[in-house]
Amino acid sequence: MSDARRPSPWQPQSTADGRRFAAATGRNREAILEVLRRVLPARGTVLEIASGTGEHAVFFAGALPQLRWQPSDVDPGALASIAAWREHVGADALPNLLPPIELDVEAGPWPAAPPDAIVCANMIHIAPWSACLALLRGAAEVLAHDGVLVLYGPFMIDGVHTAPSNAEFDARLRSSDPRWGVRDRSEVAAAAAAVGLQLCDSVPMPANNLTLVLRRVAPEPGAAGAPSALC
């Protein structure tokens, strides 16, 4: 089992038909959707990394019918839950919600058809730092110029937690696995910049979380690899 397959210590509840429920989903989805409406393209395919229970996929696909929503995960139980949610809602009701695919950001393969945007919520703190780097590297490789990567979750700002509850959460994560932990926004931004992703926005969210909006930049012609600004 790869590091990316390690299960979370906070497992969601399950139903008899295989659907999983995570309490936080109902609390954060409207706030995330508000950001997505602003930054996602008008048309195209959105690849969701670490879709988890599948509740976000169902909600966002329903709220954004002009976009094809491609959920993915590395955990077989999560993939089963996403499929169960899709069956529960009905393919006719959500024709833009695609069947889930298995994707390990550290091992691939990434989808052959490049997505127009990538969304990843609540993954990089419950995974080793190498998974975050692989996510950034993979996004930079598959996104077109001006393609957007949206990251949601808890972050430190310049080495400081945004709330005592986040510090406690970070300690719990690290006690479960020392490779896990709340990431620092500046470190994520620096790692993103190294592969050609520019941090364009950092949006405060409920429960002391942040949404980071990164865009794929291209070198300026004749500028020896210097990225062009998109934000």
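Summary table
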| read-out | value |
| --- | --- |
| Verdict on THR25 being surrounded by 20 or more Cβ atoms within 10 Å (Cβ to Cβ) and β-branched (Val, Ile, Thr) | yes |
| Spans of helices (runs of 4 or more DSSP H) in segment 1-95 with at least 1 residues among the polar types (S, T, N, Q) and at pLDDT below 90 | 23-39 |
| Residue list for segment 152-198, filter: small (Gly, Ala, Ser), under 20 Å from the mean Cα position of the chain (by Cα), surrounded by 14 or more Cβ atoms within 10 Å (Cβ to Cβ) and in a helix (DSSP H, G or I) | SER186, ALA189, ALA191, ALA192, ALA193 |
| Number of the condition not met by PRO114 [criteria: (1) crowded, with 17+ Cβ neighbours inside 10 Å; (2) touching a helix residue (DSSP H, G or I) at 6+ places or on another chain (Cβ under 6 Å)] | (1) |
| GLN66, sole failed condition from (1) out of contact with any Gly (no Cβ under 9 Å at 6 or more places or on another chain); (2) surrounded by fewer than 16 Cβ atoms within 10 Å (Cβ to Cβ); (3) among the polar types (S, T, N, Q) | (1) |
| Residue in segment 27-77 that is farthest from ALA207 (Cα to Cα), counting only those that are among the acidic types (Asp, Glu) and without any contact (Cβ under 8 Å) to a residue 24 or more places away in the chain | GLU34 |
| Residue within segment 78-93 that is closer than 23 Å to LEU136 by Cβ, in contact (Cβ under 8 Å) with a residue 60 or more places away in the chain and buried (at least 21 other Cβ atoms within 10 Å of the Cβ) present | no |
| Subset tally (residues that are among the hydrophobic types (A, V, I, L, M, F, W, C) and either within 17 Å of VAL148 (Cα to Cα) or surrounded by fewer than 18 Cβ atoms within 10 Å (Cβ to Cβ) (or both)) for segment 45-60 | 5 |
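The values are calculated or read from the model by the stated rules, or taken from the named source; none is laboratory data. Treat the numbers as computed from the prediction; the structure is a model and nothing was measured. Glycine also receives a Cβ, built like all others from the backbone with ideal geometry; neighbour counts cover every protein chain displayed.
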